[in-house]
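Below: one structure, written as structure tokens.
The values are calculated or read from the model by the stated rules, or taken from the named source; none is laboratory data. Computed from a predicted structure; not experimentally measured. Using ideal geometry, Cβ is built from the backbone for each residue, glycine included, and neighbour counts are taken over all protein chains shown. With ligands, DNA and RNA removed, areas are computed over all heavy atoms of the protein, side chains included. Shrake-Rupley method; radii C 1.70, N 1.55, O 1.52, S 1.80 Å.
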Amino acid sequence: GGNSAEPGSIFKIKMDGTSYTTLHKFSVYKDGAPVGALVQGLDGTLYGTAIGDGSNTPSGFGNIFKINPNGTGYQILHFFKGSNGATPRGDLTLRGNKLFGFTANGGVNNSGVIFAYDLSASSDKKLYDVNDRVTGANPFAGRMIVVDAPNPEANFIVQPANNTFYVPLTQNVTANLV
């Protein structure tokens, strides 16, 4: 929680409710408002998303950030630009060295995108432009589950009935919105 200028924080607390410690306070004008749960990498680094871009405007397209579990090393890794997504929603999913997620807006149809962010290369890739006529619009909940595709030959299949998107990835993975 927070107010309009300080819209949230990252904190740690023991399971018994003691030892509450704030690790990072967000500012709309510095780094945006956090959304979704954090995901932890194998090295312990925590990754998350925020709405707003930290460029002195609360109307930015959003970002992906990282922070160490002790509160040090906070850094914005990626800024969304609208064409590659806007307003990240839901939780990130980490598979190997890639973060997968979705935005509620942006992309070709301004209906959201499914994206991957490569931590090793510090680069993003828009995997799919959500199309409200085919798959629905503005995905807004849950975690994307990334699993091996059942058919490596299928580069692109959309199954709106169960919100399964087969997207053209070099690793041939399926992204399920749950």
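What the table shows:
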read-out	value
Residue among A37, A50, A33 that is modelled with pLDDT under 90, among the aliphatic types (A, V, I, L, M) and touching a Pro at 6+ places or on another chain (Cβ under 7 Å)	A33
Residue match in the range 58-70 (condition: on the phi > 0 side of the Ramachandran plot, surrounded by fewer than 21 Cβ atoms within 10 Å (Cβ to Cβ) and not aromatic (F, W, Y))	no
Meets criteria (at pLDDT below 90, on the phi < 0 side of the Ramachandran plot, in contact with a Pro (Cβ under 9 Å, 6 or more places away or on another chain) and open to solvent by 50 Å² or more (accessible area, probe 1.4 Å)) for R95	no
Matching strands (runs of 3 or more DSSP E) fully within the range 104-156 where at least 3 residues are modelled with pLDDT of 80 or more	113-118, 123-129
Residue satisfying condition, being crowded, with 20+ Cβ neighbours inside 10 Å and closer than 23 Å to I10 by Cβ, within set F79, F100	F100
